[in-house]
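Asks: Mind having a look at this structure? Questions to follow.
The values are calculated or read from the model by the stated rules, or taken from the named source; none is laboratory data. Remember, it's a predicted structure, so these values are computed and weren't measured experimentally. As a convention, Cβ positions derive from the backbone with ideal geometry for all residues, glycine included, and neighbour counts pool all protein chains shown.
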Ligand SMILES: C[S@@+](CC[C@H](N)C(=O)[O-])C[C@H]1O[C@@H](n2cnc3c(N)ncnc32)[C@H](O)[C@@H]1O
């Protein structure tokens, strides 16, 4: 289950979540001059985006929703100095807070939902008519090197489902009724010291068992050693080994 995987990673996530922090920063940098009375964050995790949003809007009450109970517990304890945050365990796909929000934000989370279309339709319902939805998502090119190597080493253990492609996200956004005010789409290579450090980092982000890179079943010791050797051989550069992250950010409104 996705919530179990992230619960296990709650305490190690931030140390290795550089690409996710960069995406959260890009979501906040897209926000226009707004004075929201209340904010909803979906997939708040350890609070990387939450922290930036609270710095941006220190007075606004914020409902932070995450599917993982442990992530919510961890963040509630960590953000004790921010009583305006209401931490909630719930599913972004079906969450309804009882009232609409003028601002909804999410980063590095919605690519995990099982039904992206239903999730965007739900978010549309949660947004006030004049509201804004600022979104950052990881896309299919993320960790594509690792996915390819896994497929060659253990094809039966590699899932056919992968992260959404840009066009699919855009179609779901439009079909839900959102209007795009801004969008950015990028692919970046992130460097890690070596293949072992890279695999440790993504394990500690909670993504190794997920659809990004991973598995219907864990790799055996031999397969894992092969993966380390092949990754080092194929993706080493002068500064370490590289891994791709494909992301998109959107600023959306209802009208
Ligand atoms: C990679 S973390 C990102 C967290 C944070 N927003 C950040 O920018 O670092 C993804 C989070 O999404 C949560 N998540 C996954 N599916 C979800 C869903 N359907 N509803 C709510 N949260 C979900 C996970 O539990 C995890 O905490």
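Asks: Check residue 92 against each of (1) assigned to a loop (DSSP other than H, G, I, E, B); (2) at pLDDT 95 or above; (3) surrounded by fewer than 21 Cβ atoms within 10 Å (Cβ to Cβ) and name the one condition it does not meet.
Replies: Of (1) assigned to a loop (DSSP other than H, G, I, E, B); (2) at pLDDT 95 or above; (3) surrounded by fewer than 21 Cβ atoms within 10 Å (Cβ to Cβ), only one is false for residue 92: (3).
Asks: State the number of residues belonging to the range 23-72 that are free of Cβ contacts under 8 Å to residues at least 40 places away in the same chain and in a helix (DSSP H, G or I).
Replies: Of the residues in the range 23-72, 9 are free of Cβ contacts under 8 Å to residues at least 40 places away in the same chain and in a helix (DSSP H, G or I).
Asks: Of everything in the range 32-50, what is touching a helix residue (DSSP H, G or I) at 6+ places or on another chain (Cβ under 7 Å) and surrounded by fewer than 22 Cβ atoms within 10 Å (Cβ to Cβ)? Give them in sequence order.
Replies: Selection gives 48 alone.
Asks: Could you tell me whether residue 98 is under 18 Å from the mean Cα position of the chain (by Cα), assigned to a loop (DSSP other than H, G, I, E, B) and either under 26 Å from residue 236 (Cβ atoms) or without any contact (Cβ under 8 Å) to a residue 40 or more places away in the chain (or both)?
Replies: no
Asks: Quick one: which of 151, 208 is farther than 22 Å from residue 117 by Cβ, part of a helix (DSSP H, G or I) and at pLDDT below 90?
Replies: Going through 151, 208 in turn, just one is farther than 22 Å from residue 117 by Cβ, part of a helix (DSSP H, G or I) and at pLDDT below 90: 151.
Asks: Could you identify the single residue in 121, 188 that is farther than 24 Å from residue 70 by Cβ and in a helix (DSSP H, G or I)?
Replies: Just a single option satisfies the conditions, and that option is 121.
Asks: So, one more: Mind checking which pairs have a first residue in the range 212-223 that is over 15 Å from residue 199 (Cβ atoms) and a second that is at pLDDT 55 or above and surrounded by fewer than 11 Cβ atoms within 10 Å (Cβ to Cβ), Cβ under 9 Å, 6 or more apart or different chains?
Replies: 216/156; 217/156
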